[in-house]
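What follows is a short report on a single structure.
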Amino acid sequence: MCGIVGCLGREDAQEVIVKGLKTLEYRGYDSAGVAIHNGEFINRSRARGKLVNLEKKLNEEPIRGNLGIGHTRWATHGPATEKNAHPHMIGGVSVVHNGIIENYAELRDELIAGGSEIYSDTDTELIAHLINIKVKQTNDLLTAVKEVIPRLQGAYAVLVLSERHPDEMVAFTNGPPLLVGFAEKSFIVASDMLAIVPYTKNIAYLSENEVVHIQKDSYKFYSNDLKPIDKKIEEISWSAEQVEKSGYPYYMLKEIFEQPRSMAKSLEPYINIETQSIEMPALESYVSDIKSLEQIYIVSCGTSFYSGMVGEYLLEKMSGVSCKVDIASEFRYRSPKLVKNSLLIVISQSGETADTLAALRLAKEQGVRTLSLCNVQHSSMDRESDIQLYMNAGVEIGVASTKAFICSLSILNLLAGYIAKVNGNMKPEEERALVKSLLATPSHMESVLTYDKFFAEAAERLKDYKGFLYLGRGVNFPIALEGALKLKELAYMHAEGYAAGEMKHGPLALIDEQMAVVMIAPKDDLYDKAISNLETAKARGAQVISIGTVNDERLKNLSINFLSIPEVPWNINPFLAVIPLQLLSLHVASALGHDVDQPRNLAKSVTVE
Ligand code: G6P
């Protein structure tokens, strides 16, 4: 986690870095800092808390110079204090770092034994010490970095400046993302393209164990041992406008409202409109493997885990192939023995989540075919998987994922349909019906978005409940889990998602007038059972807010608030049911005065285990 930005070649390095950090704040917001070389000295400014605190400081005391680095922190080693904020600066060497140095204790002991004074609790400061020692010995920044890299164990992406080298920046990574943008007469290095797109669309990605040395008018990429490597400069498709809030008070609200359009875009590459059929060129060369597929695994985290759970229902019901979903942080620790003729799918908005990436690597080690469903193209998972599918959700900035969830559901529907078609489980007319229903979903979503107004008003009342219990069955069970996660993330309220049929095994005891029950029960083959479960809760005083199919008087009569969604096939219900839940969490959080886009203690891209 943490966001890092470096800039060389622009007079306004401070402005570029701070603007870049703003787009990267989703990666952490415990503290922030910049270090800027003015040709003679490196000056530094750091502040605890969100970036706005650093901005205030810099407004009062700007730092001039055309070479600099900056950081927004998600604390791992040491609390969120100014002392622990990056950049760390030792001698004339200044460093920002994203990741964790695992041999931190050993390096710290060694440096102390060698007479170094340690000022912070961070692992990053140790990198600055080590490079500083080598710069003094060699007077060459690149060589110094090369000599230090083998000493560092763990995952890290690092930017380095040296006072003695006023026109140089060195960046290296062993895992976490790092990109170089090539703008006019300047270079921008960052953890994410969001910090780069306002200046250029031409970028290069650093792979694991790679180094880039940037000088005034030139750059060179190397392997860790300083062997020069050729690097392809690519053009990215995301635009600077996608990084704006476009008049919405929160990125998350903008992203919720973008969902119909995002979903339509996500379908485009995989649908032949004329024939109303599913096309997945990335899978075409694997058709014979798909025909003999015995097992599908889905591994992911957070909201992507819940889309994986929906995927499990879709894949098993449509394709008939056995499917198993795992939480990525647990997956490898149960030493899974993967079935030979299987496919392992990782779902990840960022494509960088450390645990999900580790699951992908484990599958590859066991010789299992891997498929990634990511939003961020060129991300680690995208690069390392055998088969790539994309969410095509566009830039998602709100820490709580919304449109990426919707888009992963749409691709999972198509993937389930594609596998079903290939292995003979789906007739052409069924395929056309699936495509038709997916194409019609964005306009249904528009109608559900009108609940924004309802929740804006209801939030004042809802915020006073002591907790929320979200219930659903079948494909709506993961939606209940996702609803509860959203409320926890944003409103910091106790919320639980449950399979409605499990209520009688414990959670019924939680029910009283202060506990809101959010029931997701659209008309599908589990509807009657879901309603019986709800009746049981209602008989014990549950305060029910329900989401159900339009004109469902039965459900309406059991509820204080009944939110109707259009009548759609079972596999489409999750798209519509999740939207009111996103809006509920956002408005309750806002009514409680919380920062919707940057919930406390969380970060969007979790690149640590
Ligand atoms: C973090 C984010 C969640 C996200 C999860 C998985 O916890 O706050 O919104 O769902 O990571 O991220 P991924 O990028 O792998 O989908």
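Using the Kirkwood radius over Cα pairs, work out the Stokes-Einstein diffusion coefficient for the chain at 25 °C and 0.890 mPa s, in µm²/s as a whole number.
97
Choose one of Leu161, Asn476, Val435: the residue whose Cα lies farthest towards the positive end of the charge dipole of the chain (beta-carbon charges +1 Lys, Arg; -1 Asp, Glu; about the Cα centre).
Result: Asn476.
Give, rounded to the nearest 20 debye, the magnitude of the charge dipole that the chain has about its Cα centre when Lys and Arg contribute +1 at Cβ and Asp and Glu contribute -1 at Cβ.
Charge dipole of the chain: 400 debye, to the nearest 20.
Given a 1.4 Å probe and heavy atoms of the protein chains only, how would you sort Asp464, Asp121, largest accessible area at the top?
Final ranking, largest accessible area leading: Asp464, Asp121.
So what's the gap between the Cα centers of the stretch 173-247 and the stretch 296-326, to the nearest angstrom?
34
Just need the Rg to Rh number for the stretch 327-460, please, alpha carbons only, Kirkwood Rh.
With Rg and the Kirkwood Rh in hand, the quotient comes to 1.05.
If you average the C-alpha positions of the stretch 104-153 and of the stretch 408-447 separately, how far apart do those two centres end up, in angstrom?
Spelled out, the Cα-based centre of one part sits 55 Å from the other.
Note down the accessible area of Lys245, probe 1.4 Å, to the nearest 10 Å².
Roll a 1.4 Å probe over it and Lys245 shows about 80 Å².
Quick query: amide H of Ile271 versus all other amide H atoms, modeled in the peptide plane; which residues come in under 5 Å with a sequence gap of 5 or more or a different chain?
Glu279
Between 0 and 90 degrees, rounded to the nearest ten: what's the tilt of helix 451-462 against the longest Cα principal axis of the chain?
90
If amide H atoms are built 1.01 Å from N in the plane of the peptide, which residues on other chains or at least 5 residues away come under 5 Å of the amide H of Gln543?
Those qualifying (amide H under 5 Å, at least 5 residues apart or on another chain) are Met515, Val517.
What's the angle, to the nearest 10 degrees (0 to 90), between helix 13-24's Cα axis and the longest principal axis of the chain?
The two axes meet at around 30 degrees.
Anything over 18 Å Cα to Cα? Flag those among Lys146/Lys201; Lys134/Lys231; Lys421/Lys523; Lys201/Lys231; Lys201/Lys245; Lys22/Lys57, in the order listed.
Among Lys146/Lys201; Lys134/Lys231; Lys421/Lys523; Lys201/Lys231; Lys201/Lys245; Lys22/Lys57, the Cα-Cα distance tops 18 Å for Lys146/Lys201; Lys134/Lys231; Lys421/Lys523; Lys201/Lys245.
May I ask for log10 I(q)/I(0) of the stretch 361-423 at q = 0.14, 0.18 Å⁻¹, from a Debye sum over the Cα atoms as equal point scatterers with solvent left out?
-0.48, -0.75
Between helix 403-422 and the chain, what is the angle of the helix's C-alpha long axis to the longest principal axis, kept within 0 to 90° and rounded to the nearest 10?
60
Give me D for the stretch 3-240 in µm² s⁻¹, whole number, from Stokes-Einstein with Rh from the Kirkwood sum over alpha-carbon pairs, 20 °C and 1.002 mPa s.
Estimated diffusion coefficient is 124 µm²/s.
For the chain, which whole-number percentage of the solvent-accessible area (1.4 Å probe, protein heavy atoms only) is attributable to carbon and sulfur atoms?
With neighbouring chains kept in place, the figure for the chain is 47 percent.
Across 5 Å bins from 0, what is the distribution of all Cα-Cα pair distances for the stretch 413-505, in whole percents?
Percent of Cα pairs in each bin: 3, 11, 12, 15, 17, 14, 11, 9, 5, 2, 0.
Based on C-alpha coordinates, I'd like the Rg and Dmax of the stretch 450-591, in Å.
Cα-based Rg and Dmax for the stretch 450-591 come out at 13.4, 37 Å.
Using alpha carbon centroids, what distance separates the stretch 4-41 and the stretch 499-529, in Å?
49
Counting only Cα, what are the radius of gyration and maximum Cα-Cα distance Dmax of the stretch 101-260, in Å?
When restricted to the Cα atoms of the stretch 101-260, Rg and Dmax are 18.5, 60 Å.
The values are calculated or read from the model by the stated rules, or taken from the named source; none is laboratory data. These numbers come from a predicted model, not from an experiment. Methodologically, a virtual Cβ is constructed for each residue, glycine included, from the backbone with ideal geometry; neighbour enumeration extends over all protein chains shown. Keep in mind that these areas ignore ligands, DNA and RNA; they rest on the heavy atoms of the full protein, side chains included. Shrake-Rupley method; radii C 1.70, N 1.55, O 1.52, S 1.80 Å.
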